[in-house]
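Asks: Next up is a structure, given as structure tokens.
No value in this document is a laboratory result; all are computed from the given coordinates. For clarity, every value in this text was computed on a predicted model and none was experimentally measured. Virtual Cβ from ideal backbone geometry, glycine too; neighbours counted across all protein chains shown.
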Amino acid sequence: MKSFSYERADSPAAAAAAAARVPGAKFIGGGTNLLDLMKLQIETPAHLIDVNDLGLDEIESTDDGGLRIGAGVRNTDLAADPRVRNDYAVLTRALVSGASGQLRNQATTAGNLLQRTRCPYFYDTNQRCNKRRPGSGCGALAGVSRQHAIVGSSDACIATHPSDMAVALRCLDAKVSTVRSDGTRREIPIEAFHRLPGDTPEREHDLAADELITAVTLPPPVGGTQLYRKVRDRASYAFALVSVAAIVHRDGRAQVALGGVAHKPWRVETAERELARGGDARTTAAALLAGARPTRDNAYKVTLVERTLAAVLAQARESGS
Amino acid sequence: MKFDEPAGTNPIDQLKVVGRPADRIDGPLKTTGTAPYAHDRHDVVQNQAYGYVVGAAIAKGRIASMNLEAARAAPGVLAIVTADSAGRLDQGERNTARLLGGPEIQHYHQAVALVVAETFEQARDAAHRLKIRYAPAKGRFDLEAARDTATIPEKTGSGDPAETAVGDFEGAFRDSPVQLDQTYRTAYESHSMMEPHASVAAWDADGQLTLWTSNQMIAWTAQDMAKTLRIPRDKVRVMSPYIGGGFGGKLFLRADVLLAALGARAAKRPVKVSLTRALMPNNTTHRPATIQRIRIGAQRDGHITAIAHESWSADLPGGGPETAVLQTRALYAGAHRMTALRLAEHDLPEGNAMRAPGEAPGLAALEIAIDEISEKLGIDPVAFRILNDTQVVPDNPAPPDPDKNSDQTAPEARLDAGRPRRFSQRQLVRCLETGAERFGWKRRRSKPGSVRAGHWLVGMGVAAAFRNNLLTKSAARVRLDRRGRVTVETDMTDIGTGSYTILAQTAAEMMGVPLSQVDVRLGDSSFPASCGSGGQWGGNNSTAGVYAACTQLRRLVAARLGFDADASDLAFSDGEVRTASRSAPLMLATRDGPLEAEDAIEYGDLDERFQQSTFGAHFAEVRVDAYTGEVRVQRQLAVCAAGRILNPKTARSQIIGAMTMGVGAALMESLHVDTGVGFFVNHDLAGYEIPVHADIPHQDAIFLDEVDPMSSPMKAKGVAELGICGAAAAVANAVYNATGVRVRHYPLTLDKLVQNGLAIA
Ligand SMILES: Cc1cc2nc3c(=O)[nH]c(=O)nc-3n(C[C@H](O)[C@H](O)[C@H](O)COP(=O)(O)OP(=O)(O)OC[C@H]3O[C@@H](n4cnc5c(N)ncnc54)[C@H](O)[C@@H]3O)c2cc1C
Ligand code: SF4
């Protein structure tokens, strides 16, 4: 860990201003990801701006009937909120499938969105990794890639985004609100929030250095049967090999997003049209994974996506959507 | 005390304290966080500095250059140890690779430097400032590729031969009407014990080295430290009273303790070093992966006529094989047999013992093979195992001859080549029968894939458990003080197993005092040398050592109190010493000063006259998600026959812990090898998955009544490894029974099911 300076901001404006003032500054939420990366010197911020006292820990109803989730709301609190549990069950289900109780007590909404990949080559600073050291090559591509992406990957990087929460947010068409030091605010649709790796896997989003996430907004409830199915090697406390977030409606329409397969939560319009037309898990998965480029180690994920989707659709049918 | 004839009745048989489910006497220290583990020993010596270990960034090659300037100049840095500056080092008897590498690098994360600083954070920061350039060389990292280069190993670690053959295997196999010929694979596994390797080292002005560490084998470590540093053995003191798990990963001198000593010498002050979790899988030892070919030929009535087991593993040059075929020499009958170990060289980190080395991966394969041949024969797998039970060691070809094997025969005569060796106790059949009854085996459907509960496929599996009982010398000292308290001292270790408690129970039984009146002090090389903790030999041998010392102490007490020490009715019980005619309070004996005795248990040839083994049967019920192939264990049961159970509570903990590890081996544990770069990729607990609570819903362990007079005066044997032997195969067989998909490559992760025809509907 490199030595760093630290300050505790007391308002979003102050936090953004501090980030603009100090080069190499980073916000810290729960710290459950950032501190680990700092100990390994994968992240080396010169300055930390603590964003836990910005008053961003409320969940409020919006005028149009949606929900505005403060960036600092803890994963545990978000999952337990009755409005979320009733109207956005896919989000609660995704959250409680992630990490452990202790971590969820600490993890924030913004931090969860911005957590970095769990690629083991990214974590081992002796290894080649374009994401950690641009231009050094991708250790995983030639090495062990059982966990890695099968769609949307590039020759530079095949990492996945590890968040469960983000997959549910993608399914729900959430929007991410931000503010900068000059007071500019914007709302980024979740589908545009995370980037694909392309030639610049080190850039995972388009936020500016002084851009603070203030909230995540959910549109009004859409009903339907909301499911999150996370598939992993052990029963708990493991990242998804594949996950499926789905909102299935009585008329056959559905929103489906995948986790564990790409550099961002994966959702494909043609796949949902396929479902609406009466398509099954096979044809829908084929549309979701069009252009997939699995490695030898993770070819199983192609099959697994289809099978998990089939499980989710069967479960939705059983729950009588 | 020499133990060379079967034990007769002795004071332990009273079973007033021994054999009872006593709580751990060290429990309160652990649950209150006050047990002094190595890394917590801030108080033992003042002025401790911190060392941070730097591991090699390549798997094979050389260090081309090392620039220490920036690190030396970093805040708080006191010293930097490298192979250049460490002085001449020898290598420990039990280490394959050097613990401090450079300029030659033998494996990934081999330690190449220790940075010592005032604080841990400063040492870590400075370590990142070392500039090391490497000249990598091509290495061999793929067991599959190395298989063809494998040869017959010179040493097997256990001392057993690498090859055995009885009868005409090839011919008998060829002529068998029912045959099985399959190849199985087990994974590289990491001990992943809770407490990382950690040590504090301090030198005094006379060159005396004191080490507070976390280690299973005090005497080995003291010896190997002295040898590596080229100093006299008596200059090294090792203390390791509390250990947060080892599983074989702490049997040996490792880099933490050597580098702490070198760091302390260089910094001229005490130094504390612990290995980071991410360093452990590649820096320390692991369980080698195996490829195992098993061939079984059987008659249609189910009798095995031919059985062969071959195993391939790889290690660094100078290393040893994973002895995965050993149990096959003793477990099932069959006239024509063959086993062989093959060892290839590779350049991955050094392999070595992990809980039940040999048998754990060996039974993982063998017991699937047994399941497969039973199915081919159409015989229930429990019944098949019972049918092929043997009461003599089947690797010995002579037919049993009860007359000549009588007790009159001189020991030498019984050792004649070609004579049958019997097991001291062998209750495999009862284990299987009891387990089948208790587990509800009747309800198992023999046709795989025939039980379904919603989207779950449900199945049951069984496997035999087998692990040898090893006899090794073990010494102890016992003292009776004026207040009547008994103190036991031995360098035995408690790695979470319950040694403190069973040693206290033994002393309490022998001296006739309550458990609360016994203090046990362990893990100090200044105490008499014990057997240490490993190979499930710790429980029986270390308590027998205390038995020996207590026997001497009883003589001293008897003498002080005017009893005939050899009187047949002399008893120590309820704080008194008595015979039929007279009794005296025990404390009277120490009115004029404490009494102390030291002795060791030493063994004759009872383990050559009789095969001493422990047996068991594992049962597992699993559910497999028909869609995703996720396997979830529902129930596990182990029935064990392992001699006298000294404390059913701590023994049960050993068994269920081992069963849990068996689930890990069956379903998830695997160090993934990058065969290009040459390292274990998933080298932390995020990547190396072991079972969590949610994976282990229900476990049961049953111990059959057994006393084994051949094993020691305690009549006990080991249990700590028996519990893992066969546990993985029971799960694997249950997965097959549930799904009809036979996976022969551990771990049975879901990809192997969904890619091999797991049917959804
Ligand atoms: C052992 C372990 C297991 C885990 N398992 C899972 C799992 O199964 N599923 C899963 O989804 N996750 C899992 N996680 C990850 C966990 O969800 C994340 O670590 C957590 O959500 C991060 O939140 P945080 O608030 O602690 O983020 P931090 O560590 O504080 O920050 C993460 C990043 O977000 C940035 N940031 C924080 N707040 C803001 C803000 N307001 N505006 C802009 N940038 C900001 C930080 O600068 C940093 O770059 C696991 C983590 C661990 C350690
Ligand atoms: S997959 Fe991406 S994160 Fe992993 S090694 Fe390659 S570049 Fe780095």
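Asks: Please compute the average number of Cβ atoms from other chains found within 10 Å of each residue's Cβ in peptide A:228-239.
Replies: The shielding value for this peptide is 6.
Asks: Please list, ordered by chain and number, the residues whose modelled amide H lies under 5 Å from the amide H of B:ALA79; skip anything fewer than 5 residues away on the same chain.
Replies: Long-range HN contacts for B:ALA79: B:VAL116.
Asks: Only loop residues by DSSP count here, and only those with at most 13 other Cβ atoms within 10 Å; note down the trypsin sites (Lys or Arg not before Pro) in segment B:585-667 that meet that.
Replies: B:ARG591
Asks: Also, I was wondering about something else. Can you work out ³J(HN,Hα) from phi for every residue in segment B:356-369, in order, using Karplus 6.51 cos²θ - 1.76 cosθ + 1.60 and θ = phi - 60°, giving whole Hz and x for Gly and Pro?
Replies: 6, x, x, 5, 4, x, x, 6, 4, 8, 4, 6, 6, 4
Asks: Enumerate the amide H contacts of B:ALA113 below 5 Å, restricted to partners 5 or more residues apart or on another chain; note that Pro and chain-start residues carry no placed amide H.
Replies: B:VAL54
Asks: Given a Förster distance of 30 Å, report the FRET efficiency between B:LYS376 and B:LYS649 from their Cβ-Cβ distance, rounded to the nearest 0.05. Don't skip to the end; give the middle numbers.
Replies: Values: r = 42 Å, r/R0 = 1.40.
My answer for the efficiency is 0.10.
Asks: Same structure again: What does the average come to when, for each residue of peptide B:276-287, you count the partner chain Cβ atoms lying within 10 Å of its Cβ?
Replies: Numbers: counts 2, 0, 5, 0, 0, 0, 1, 0, 0, 0, 0, 0.
Counting other chains' Cβ atoms within 10 Å and averaging over B:276-287 gives 1.
Asks: Can you give me the orientation-averaged projected area of the convex hull built on the Cα atoms of segment B:229-356, in nm²?
Replies: Convex hull of Cα atoms, orientation-averaged projection: 11.9 nm².
Asks: Need one number: nm distance between label points at B:GLN46 and A:ARG185, each 7 Å from Cα along Cα→Cβ, rounded to one decimal.
Replies: The modelled label-to-label distance comes out at 6.1 nm.
Asks: Give me a comma-separated list of calculated 3J(HN,Hα) values for segment B:36-45, in order, Karplus coefficients 6.51, -1.76, 1.60 applied at θ = phi - 60°, integers in Hz, x for any Gly or Pro.
Replies: My calculation for segment B:36-45 gives x, 6, 3, 6, 8, 8, 5, 8, 6, 8 Hz in order.
Asks: What FRET efficiency do you get for A:ASN52 and B:THR32 if R0 is 35 Å and r is their Cβ-Cβ distance, rounded to the nearest 0.05? It would help to have the intermediate numbers written out before the result.
Replies: Working: r = 32 Å, r/R0 = 0.91.
It comes to 0.65.
Asks: Once you put a point 7 Å from the Cα of B:THR149 and another 7 Å from the Cα of A:ARG273, both along the Cβ direction, what distance in nm separates them?
Replies: Placing both labels 7 Å beyond Cα along the Cβ direction yields 5.6 nm.
Asks: Calculate, in whole percent, how much of the Cα-Cα pair population of chain B lies beyond 43 Å.
Replies: Tail of the P(r) past 43 Å holds 30 percent of the pairs.
Asks: Any chance you could check the Cα centroid distance between segment B:262-314 and segment B:58-75 for me, in angstrom?
Replies: Between the Cα centres of segment B:262-314 and segment B:58-75 lies a distance of 31 Å.
Asks: Shifting gears a bit: Assuming R0 = 22 Å, can you tell me the calculated FRET efficiency for the pair A:SER61 and A:ARG195, based on Cβ-Cβ distance, to the nearest 0.05?
Replies: It comes to 0.10.
Asks: Now a separate question. Convex hull volume of the Cα atoms in segment A:1-145, per residue, in Å³? Please report the intermediate quantities before stating the final value.
Replies: Working: hull volume 21.1 nm³, N = 145.
Per-residue hull volume (Cα only) is 146 Å³.
Asks: Hey, got the Cα dimensions of the protein assembly as shown along the principal axes, in Å, largest first?
Replies: Sorted from largest, the Cα extents of the protein assembly as shown read 97, 75, 57 Å.
Asks: Give the residues of segment B:633-648 whose amide nitrogen is closer than 13 Å to a point set 7 Å from the Cα of B:LYS442 in the direction of its Cβ.
Replies: The answer is none, because no backbone nitrogen lies closer than 13 Å to the label point.
Asks: Between B:SER573 and B:ASP481, what length in nm is gained on full extension when 0.36 nm per residue of separation is reduced by their alpha carbon distance?
Replies: 31.4 nm
Asks: Right, here's the next one. Through the Karplus equation 6.51 cos²θ - 1.76 cosθ + 1.60, θ set to phi - 60°, convert the phi angles of segment B:318-334 into ³J(HN,Hα) values in whole Hz; use x for Gly and Pro.
Replies: These are the phi-based 3J(HN,Hα) values: x, x, x, x, 7, 7, 6, 9, 4, 5, 5, 6, 10, 8, 10, 5, x Hz.
Asks: Loop-only check: which trypsin sites (Lys or Arg not before Pro) in segment B:465-502 are DSSP coil with at most 10 other Cβ within 10 angstrom?
Replies: Filter output for segment B:465-502: B:ARG483.
Asks: Quick one, could you list the DSSP H helices from chain A stretching 15 Å or more along their long axis (Cα atoms) with average Kyte-Doolittle hydropathy of -0.5 or above?
Replies: Helices meeting the criterion: A:300-318.
Asks: While we're looking at this one, here's another question. Straight-line reach from B:LYS155: which aspartates and glutamates fall under 18 Å, measuring Cα to Cα and dropping same-chain residues less than 8 apart?
Replies: Hits, sequence-local ones excluded: B:GLU93, B:GLU163, B:GLU310, B:ASP315, B:GLU322, B:GLU345, B:GLU350, B:GLU359.
Asks: Over 20 Å between C-alpha atoms is what I'm after, so list which of A:LYS230/B:LYS447; B:LYS131/B:LYS268; A:LYS131/A:LYS230; A:LYS2/B:LYS131; A:LYS39/B:LYS250; B:LYS250/B:LYS649 land there. Mind dumping the intermediate values first?
Replies: Details: A:LYS230/B:LYS447 30 Å; B:LYS131/B:LYS268 25 Å; A:LYS131/A:LYS230 26 Å; A:LYS2/B:LYS131 16 Å; A:LYS39/B:LYS250 26 Å; B:LYS250/B:LYS649 24 Å.
Flagged as over cut-off: A:LYS230/B:LYS447; B:LYS131/B:LYS268; A:LYS131/A:LYS230; A:LYS39/B:LYS250; B:LYS250/B:LYS649.
Asks: Which length gain, in nm to one decimal place, applies between B:ASP566 and B:ASP13 when the Cα-Cα distance is subtracted from 0.36 nm times their residue separation?
Replies: Length gained between B:ASP566 and B:ASP13: 197.3 nm.
Asks: I need to check one value: relative contact order of chain B, counting alpha carbon pairs closer than 8 Å and at least 6 residues apart, in percent.
Replies: Values: 2033 pairs, mean separation 131.0, N = 761.
Once divided by the residue count of chain B, the mean separation gives 17 percent.
Asks: Using a Cα-Cα cut-off of under 17 Å, which aspartates and glutamates could be cross-linked to B:LYS30, ignoring same-chain neighbours fewer than 8 residues away?
Replies: List returned: B:ASP40, B:GLU195, B:ASP494, B:ASP519.
Asks: Can you give me the relative contact order of chain A as a percent, contacts being Cα pairs under 8 Å and 6 or more apart?
Replies: 18 percent
Asks: Find out how many positive minus negative residues lie around A:ALA25, taking Lys and Arg as positive, Asp and Glu as negative, among other residues whose Cβ is under 10 Å from that of A:ALA25.
Replies: Counting the neighbours of A:ALA25, the net charge comes to 0.
Asks: Would you grab the residues whose amide H sits under 5 Å from the one on B:ALA35? Only those 5+ places off in sequence or on another chain, please, with H modelled 1.01 Å from N.
Replies: Amide H neighbours of B:ALA35: B:LYS30.
Asks: Less than 13 Å Cβ to Cβ from B:ARG269, Lys/Arg counted +1 and Asp/Glu -1: what total charge do the surrounding residues give?
Replies: +1
Asks: Projected onto the charge dipole of the protein assembly as shown (+1 at Lys/Arg Cβ, -1 at Asp/Glu Cβ, origin at the Cα centre), which of A:ALA238, B:VAL622, B:GLY726 gives the Cα projection farthest towards the positive end?
Replies: In the protein assembly as shown, that residue is A:ALA238.
Asks: Quantify how strongly other chains surround peptide B:124-132 by giving the mean number of their Cβ atoms within 10 Å of each of its Cβ atoms.
Replies: On the way: counts 4, 4, 0, 1, 6, 1, 0, 0, 0.
Other-chain Cβ atoms within 10 Å of each residue's Cβ, averaged: 2.
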